[in-house]
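Shown next, in structure tokens, is the structure this report addresses.
The values are calculated or read from the model by the stated rules, or taken from the named source; none is laboratory data. These numbers come from a predicted model, not from an experiment. When we count neighbours, we look across all protein chains shown, and the Cβ atoms used for this are built from the backbone with ideal geometry, even at glycine. The area values use the complete protein model at the heavy-atom level, side chains included, leaving out ligands, DNA and RNA. Shrake-Rupley method; radii C 1.70, N 1.55, O 1.52, S 1.80 Å.
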Amino acid sequence: MKLNIRLHGRGGQGIKTAGRVVGTAAFLAGYYAQDSPMYGPERRGAHVSSFVRISDEPVDGRGYIAAPDAVAIADHSLLEQASPLQGLRSGGVVIINAAKHVELGIPTIQQAVLDISTLANKILGRDAVSAGVGAAVCKALGIAGRADVIEAVKMEMEELGLREELIEANIKLAEECYAAIPTLQLKTNEEDMLMERDEIVEIPATPAPASVALISAAGNSTARKTGAWRDATPVINYQKCTRCMVCYIYCPDSCISLDETLTPHIDYEHCKGCLICFMECPPRAIQVEV
Amino acid sequence: MMLTGNSTAAWAARLADVDYVAAYPITPQSEIVETLAKWSSEGKLRAKFVNFESEHSMITAAGAASLTGARAFTATSSQGLLYAMEALYTVAGWRAPMMLVNVSRGVGMPMILQVEHGDVMAARDSGFIQLHAETCQEVLDFILLGYRVGEDSRVLLPTIVNMDGFVLSFAREPVELPDKSDVESFLPRFKHPKPLLGLEDETLAYAPTMTEGASYTYFKYQIHLAAQEAKHVFRGAVERFEEIFGRHHDVIEGYMLDDAEIAIVSSNSYSSIIRSAVKALRRNGYRVGMLRLKMIRPFPREEVAEALKHVGAVAVFEQNLAPGRGGALYPEVVEALYHASPRPDAILSFIGGLGGSPIGYSEAEYMVRVCEKAMKTGIAPQGPTILCRREDWQRIRAALKMAGIPVEQLSEAIHHV
């Protein structure tokens, strides 16, 4: 077996831990394994990925997995925002945390769907899916048996320093996910990798200011769509809104604007879902949609 | 046991039973000192744990602790290492055999958190022994070996063990943790030949000596001779290491070099990628091999020359870029081969993987093809050759455009083959 898996989710969902669950389970099942997370200087809700390599022989790759055999997506809204399927090899598998089959429009990849978030909310009381995603990946790809997966979840949750009852709850989540997801047959071909080519170019000299790492044009931070970080969305109920402007004043990211009637409007392309507006709204005219 | 590079470094310090830990946090190293701090508070680590206000005082304190006969450990990265640069020369001159784990990260500006070897290369002339790890296991092995070699009275020099930020520091892989008793037999308690803490009835004073030309030359040259001696002491240490732990080490590693026409020189964690690319290139008919540098200081020039003198061309792959020069290791490899007989027809410099850029089969094949062309035509490209993927270059152009730069006026990317 030689298997490269890439996991995608949002900061706070437990994607680093999910990768560790898969790595540890594979290790316990007797494979060589390597797992590593990747994240930037961002925050809760931002896109986080994790890479797991599993092999019968010592693992020979490192860092970013550009052409995975399987991809796990812990938040299906990332499909529109982060291209998590990029490079997924023909015959590969995608494991999605979603309520129902997602139309991806790629006939050469197989899909396993499980509503892990609903199970996590039921068992843990929040959208912490690490144990569930880890177990689902192990089962869907036939990496490790139930006992190894449960042991891996236990080890990783202990490593996080969780209370005994939370560890038990995570094991329950892992058990339910393991039981519910089918095992798919990977059809990727190891030899394919030799055919994958990126053209190498040499960067030409460019005159300053194009060659200086200082942004010299104003007003382009709006191009960074920070709305992708949001995992809870504030929605204004205009029947209750009194146009008091408190939300407009409190929004730390200037994502609430007022029109000529002083009616507030939320810019969802940039709202990070901090919910300060929800907390501050005097008439409680802002609701939260998860 | 599955461990990250950082937690492996912490385990190595614990197993080496260090007496003194000097700490200052920096990404991507912080996990090392955080782990040691936790163990220290839980009583699992006997060492005195001290937080500092900067890397400069941290290194100085670790060096001073080492002079008292304590086994001292510290870790840093990137800007932190450069901030401590003066102190590196100081503790090497003190002949203080402390351990410094550097988790390589590019040096800003431009700002970066991911790996580049500009930080550790800047320390190459400080007098520290340098061992560069490819795997988490090597992080452990090199820390134990580094203490053993550095503390040897023939050497008495500090050691840097280098690992790549993120790619190794945050990656977990299987690591064999040795028994404490085995480590004790490999690494007996450090005894400084002339410790600052003398005998109880002995008063000791220690001050930096102000030298003049001849005495400065004498002391400085002694550091050089001791650094060179470190290679021979390392050779002895790896034999004992293999007896006890069963793992073999050397100053270099050759891979598929025996009948190779072209060799790629590499170091650190990206060597895993180069090795698998070499395997794939072989399947595609290229006669290629890899030479990995495990010891950077002292530079193993005789071993490099012996390993590479029969190949037709050498591609030196590096993850550092000295503006106005190129790769820092390239001239060292060229010098090692200059007086070799036979010697390669072409030795070319390639820079890639900067700031954690991924490399893969394509980069390795490109290096090999540029080498083949140089051998055939007798003309070598003016190096260094930078390795960039077309899609990355297109992304950069798009970003420049967003920043208001007229990209249509930029020249196009070129390629040699």
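Using +1 at the C-beta of Lys and Arg and -1 at the C-beta of Asp and Glu, which of A:C241, A:T188, A:A228 has the Cα lying farthest in the positive direction of the dipole of segment A:177-258?
A:C241
Quick one: what are the phi-derived ³J(HN,Hα) couplings along segment A:146-154, Karplus 6.51/-1.76/1.60 with θ = phi - 60°, whole Hz, x for glycine and proline?
4, 5, 5, 5, 5, 5, 5, 4, 4
Identify the trypsin sites (Lys or Arg not before Pro) of segment B:253-290 meeting these criteria: DSSP loop state and at most 16 other C-beta atoms within 10 Å of the C-beta.
Counting only loop positions with at most 16 other Cβ atoms within 10 Å, the trypsin sites (Lys or Arg not before Pro) in segment B:253-290 are B:R287.
For peptide A:58-69, what's the mean number of Cβ atoms from other chains within 10 Å of each residue's Cβ?
6
Exceeding 31 Å between C-alpha atoms, which entries from my cross-link table qualify? They are B:K191/B:K294; A:K2/A:K122; B:K38/B:K191.
A:K2/A:K122
Report the dimensions of chain A along its three principal axes from the alpha-carbon atoms, largest first, rounded to Å.
66, 59, 38
To check you understand DSSP bridge types, tell me what percent of the beta bridges within the protein assembly as shown (both residues inside) are antiparallel, rounded to 5.
Percentage antiparallel, nearest 5: 40.
Taking 10 Å² as the minimum loss, tell me which residues in segment B:150-189 lose that much accessible area going from the chain by itself to the full protein complex (1.4 Å probe).
Output list: B:F166, B:V167, B:F170, B:A171, B:R172, B:E173, B:P174.
Which value, in Å² rounded to 10, gives the accessible area of A:H265 with a 1.4 Å probe and all protein chains present?
Near enough 80 Å² of accessible area.
Going by accessible area, probe 1.4 Å, with all protein chains left in place, what is the ranking of A:L79, A:L262, B:L410, A:L160, largest first?
Output order, biggest surface exposure first: A:L160, A:L262, A:L79, B:L410.
Which residues' amide hydrogens lie under 5 Å from the amide hydrogen of B:A75, considering only partners 5 or more residues apart or on another chain, with H built in the peptide plane?
Sorted by chain and number, the residues that satisfy this are B:Y24, B:V101.
Which whole number in µm²/s is D for chain B by Stokes-Einstein, with the Kirkwood Rh taken over Cα pairs at 25 °C and 0.890 mPa s?
Estimated diffusion coefficient is 110 µm²/s.
If you fit an axis through the alpha-carbon atoms of helix A:164-180 and take the longest principal axis of the Cα set of chain A, what angle between them do you get, 0 to 90°, nearest 10?
70
Any idea which of B:M210, A:L173, A:H76 is furthest toward the positive side of the dipole for the protein assembly as shown, if Lys and Arg beta-carbons carry +1 and Asp and Glu beta-carbons -1?
Checked the options; the winner is A:H76.
Just by accessible area at a 1.4 angstrom probe, what is the order of A:D267, B:D345, B:D164, A:D75 from largest to smallest?
Largest to smallest exposure gives the sequence B:D345, A:D267, A:D75, B:D164.
State the answer as a single residue: which of B:V304, B:T385, B:L410 lies farthest towards the positive end of the charge dipole of segment B:300-417, with beta carbon charges of +1 for Lys and Arg and -1 for Asp and Glu, about the Cα centre.
B:L410
Search the structure for amide H atoms under 5 Å from the amide H of B:C388, placed 1.01 Å from N in the peptide plane, and list their residues when 5 or more places away or on another chain.
Counting only residues 5 or more places away or on other chains, the set is A:V201.
For the protein assembly as shown, state what percent of all Cα-Cα pairs lands in each successive 20 Å bin, counting from 0 Å until the bin that includes the largest distance.
16, 46, 32, 6, 0
Among the listed pairs B:K48/B:K231; A:K16/A:K272; B:K180/B:K220, which are separated by more than 25 Å between their Cα atoms?
Over 25 Å apart, Cα to Cα: B:K48/B:K231; B:K180/B:K220.
Under the 0.36 nm per residue contour assumption, what length would be gained going from the current alpha-carbon distance of B:Y206 and B:E391 to full extension?
In short, 60.7 nm is gained.
Peptide A:202-211: average number of partner chain Cβ atoms within 10 Å per residue?
Going residue by residue through A:202-211 and averaging, the value is 6.
Checking the a/c ratio against 1.5 first, then a/b against b/c, what shape does the Cα gyration tensor give for segment B:234-302?
prolate
Just counting partner chain Cβ atoms within 10 Å, what average do the residues of peptide A:21-33 show around their Cβ?
Shielding by partners across A:21-33 averages 2.
For the protein assembly as shown, what is the calculated [θ] at 222 nm in deg cm²/dmol (nearest 500), taking -39500 (n - 2.57) for each run of four or more DSSP H residues and dividing by its residue count?
-11000 deg cm²/dmol
Express as a percent, rounded to the nearest 5, the fraction of DSSP beta bridges in segment A:2-193 (both residues included) that run antiparallel.
Roughly 55 percent of the DSSP beta bridges within segment A:2-193 come out antiparallel.
Which value, in Å², gives the accessible area per residue of the protein assembly as shown when a 1.4 Å probe is used on the protein heavy atoms?
The answer is 44 Å² per residue.
Using a 4.7 Å cut-off between beta carbons, which cysteines in the protein assembly as shown end up with no partner cysteine at all?
So, A:C138, A:C177, A:C241, A:C244, A:C251, A:C274, A:C281, B:C136, B:C371, B:C388.
With a ≥ b ≥ c taken as the square roots of the eigenvalues of the C-alpha gyration tensor of segment B:2-245, please select rounded if a/c is under 1.5 and otherwise prolate if a/b is larger than b/c or oblate if it is not?
Because its axes are fairly even, with a/c under 1.5, segment B:2-245 counts as rounded.
Just to check I understand the Karplus step: with θ = phi - 60° and J = 6.51 cos²θ - 1.76 cosθ + 1.60, what whole-Hz values come out for segment B:246-256, glycine and proline as x?
Once θ is set to phi - 60°, the couplings for segment B:246-256 become x, 10, 9, 9, 8, 6, 9, 10, x, 10, 6 Hz.
What is the Cα centroid distance between segment A:143-163 and segment B:341-379, reported in whole angstrom?
Cα centres, segment A:143-163 to segment B:341-379: 44 Å.
Using a cut-off of under 20 Å, list every residue of segment A:132-174 whose amide N is near the label point 7 Å from the Cα of A:Q81 along the Cα-to-beta-carbon line.
Of the residues in segment A:132-174, A:133 have backbone N under 20 Å from the label point off A:Q81.
Just to confirm the number: angle between the C-alpha axis of helix B:271-283 and the first principal axis of chain B, 0 to 90 degrees, nearest 10?
Around 40 degrees separate the two axes.
Treat every Asp and Glu Cβ in the protein assembly as shown as -1 and every Lys and Arg Cβ as +1, leave all other atoms uncharged, and give the resulting dipole magnitude about the Cα centre to the nearest 20 debye.
That gives the protein assembly as shown a dipole magnitude of about 600 debye.
Give the accessible area for A:C247 in Å² (nearest 10); use a 1.4 Å probe, count only protein heavy atoms, and leave out ligands, DNA and RNA.
Around 20 Å² of this residue is reachable by solvent.
For chain B, give the share of DSSP beta bridges that are antiparallel, in percent and rounded to the nearest 5; count only bridges with both residues there.
Bridges in chain B that DSSP calls antiparallel: roughly 20 percent.
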